[in-house]
1. Quick one: which of G122, G164, G118 is small (G, A, S), within 19 Å of L284 (Cβ to Cβ) and touching a residue at least 60 places away in the same chain (Cβ under 8 Å)?
2. List the number of the failed condition for D190; all other conditions in (1) modelled with pLDDT of 95 or more; (2) open to solvent by less than 10 Å² (accessible area, probe 1.4 Å) hold.
3. Would you check which residues across region 201-237 are among the hydrophobic types (A, V, I, L, M, F, W, C) and open to solvent by 60 Å² or more (accessible area, probe 1.4 Å) and list them?
4. Out of all the residues in region 196-204, is one or more among the basic types (K, R), touching a residue at least 12 places away in the same chain (Cβ under 8 Å) and outside any helix (DSSP H, G or I)?
5. Restricting attention to region 240-293, which residues are in contact with a Gly (Cβ under 7 Å, 6 or more places away or on another chain) and surrounded by 21 or more Cβ atoms within 10 Å (Cβ to Cβ)?
6. Answer yes or no: is there a residue in region 146-156 that is of a type in the set (D, E), out of contact with any helix residue (DSSP H, G or I) (no Cβ under 6 Å at 6 or more places or on another chain) and at pLDDT 95 or above.
7. Could you tell me how many of the residues in region 231-261 are in contact with a Pro (Cβ under 6 Å, 6 or more places away or on another chain) and part of a loop (DSSP other than H, G, I, E, B)?
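The values are calculated or read from the model by the stated rules, or taken from the named source; none is laboratory data. Because the structure is a prediction, the values reported are computed rather than measured. Here Cβ is always computed from backbone atoms with ideal geometry, including for glycine, and neighbour counts include all displayed protein chains. Calculation scope for accessible area: heavy atoms of the full protein, side chains included, ligands and nucleic acids excluded. Shrake-Rupley method; radii C 1.70, N 1.55, O 1.52, S 1.80 Å.
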Amino acid sequence: MTLPRPVDRQPSLLERAAAVYDFGEHYRAKVGDASFGHARGGPEEEVTPPPAFVPGGVEAQATPQSAAHAAPDLSAIPAEFLADPNADPDDVVPPPLPAGIVSIDRGMLAEHGMIVPGAPVGPLAEEFRLIKRQLLVTRRRVADSDQADKARSVLVCSARPRDGKTFCAVNLALSMAAERDTEVLLVDADVAKPDVLRRLGMQDGPGLLDALADQTIDVESLVLHTDVPQLSVLPAGAKTAMDTELLASARTEVVIRRLLDANPRRLLIFDSPPALAASPAAVLAMLVGQVMLVVRADRTPETEIGQAADLLDGCEHIQLVLNAVSFVPGGARFGSYYGMEERA
């Protein structure tokens, strides 16, 4: 949304940034030449642009009369934010993130074919909408059972490596974070080969294993809050040869309880090691309300699925997700409905 300005004055950096960035969201998604409908809601959905941003953190709902006849009061803008007359008008630097917020690399997500927050809904996003609906239904069942304390935790696992469990865990977390009443903490619990933060373009740091090994560490202080609304990440932490023993200790339940108590709206999603390749998966399965077992369509044999399910039977609710399924062009799986090219 472009702020009106006098014609005989150079536009300020804030004005130019307002024309490119959506200040109404926690993240700043560049919309380029697309309309708000195409950039945020898809071609068939009309989306009202966000209110104008006014220095000082006040959102002003401008009336048609004031927008047409009155320029905004920009006197409070510091001099260093005013536009350089010799600067390139397209060289807009986004405002810095608030302290304690870590940016997720949207370009990296797009490059690896993952859900991109703020992008139009596509087939992948819709697939994970269907997956999360089933998990949320199971969550309510667990909440009504004698294991209600486990209702807000999900383990994402696979039988073997390279079946796509981390891909599914990250996409599930991004999809769950879009829920109105849920905040997501994605925990990298693949402690031998952690990969979650790399997938998100984030720097690694202390995390789960550090909090398990040192009782003086408050695990909540290690949580990384991201610029994707309602999504946080907990790194795996420093590697150790005692990872399974740490996860099997009573300290793990204390740490999980601390994470849940810190935010009553929080859902924990654990990215686990493969069940047939590492022992921590079976330990973690006993601590969660449900398991999402990722099965790769073109490589996971039925025998390995059964063996993995047996190892994860410490959790009563195990659901299978078929990964790497080939779609038929023009098929009835969300293609043309979500903006794909219409077929004659």
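1. Just one listed residue meets the conditions, G164.
2. Failing condition for D190: (2).
3. Step one: filter region 201-237 for residues among the hydrophobic types (A, V, I, L, M, F, W, C), giving 202, 208-209, 211-213, 217, 219, 222-224, 228, 231, 233-234, 236.
Listed by number, the list holds a single entry, A213.
4. Of all residues in region 196-204, those among the basic types (K, R) come to 198-199.
Keeping just the survivors that are touching a residue at least 12 places away in the same chain (Cβ under 8 Å) gives 199.
Within this subset, residues satisfying the condition of being outside any helix (DSSP H, G or I) are none.
Looking through region 196-204, none of the residues is among the basic types (K, R), touching a residue at least 12 places away in the same chain (Cβ under 8 Å) and outside any helix (DSSP H, G or I).
5. Answer for region 240-293, where residues must be in contact with a Gly (Cβ under 7 Å, 6 or more places away or on another chain) and surrounded by 21 or more Cβ atoms within 10 Å (Cβ to Cβ): A282, A285.
6. Looking through region 146-156, none of the residues is of a type in the set (D, E), out of contact with any helix residue (DSSP H, G or I) (no Cβ under 6 Å at 6 or more places or on another chain) and at pLDDT 95 or above.
7. Summing the residues that are in contact with a Pro (Cβ under 6 Å, 6 or more places away or on another chain) and part of a loop (DSSP other than H, G, I, E, B) in region 231-261 gives 2.
Residue by residue, here is whether (1) open to solvent by 50 Å² or more (accessible area, probe 1.4 Å); (2) small (G, A, S); (3) part of a helix (DSSP H, G or I) holds:
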position: K132; (1), (2), (3): no, no, yes
position: R141; (1), (2), (3): yes, no, yes
position: D146; (1), (2), (3): yes, no, no
position: L155; (1), (2), (3): no, no, no
position: P161; (1), (2), (3): yes, no, no
position: V170; (1), (2), (3): no, no, yes
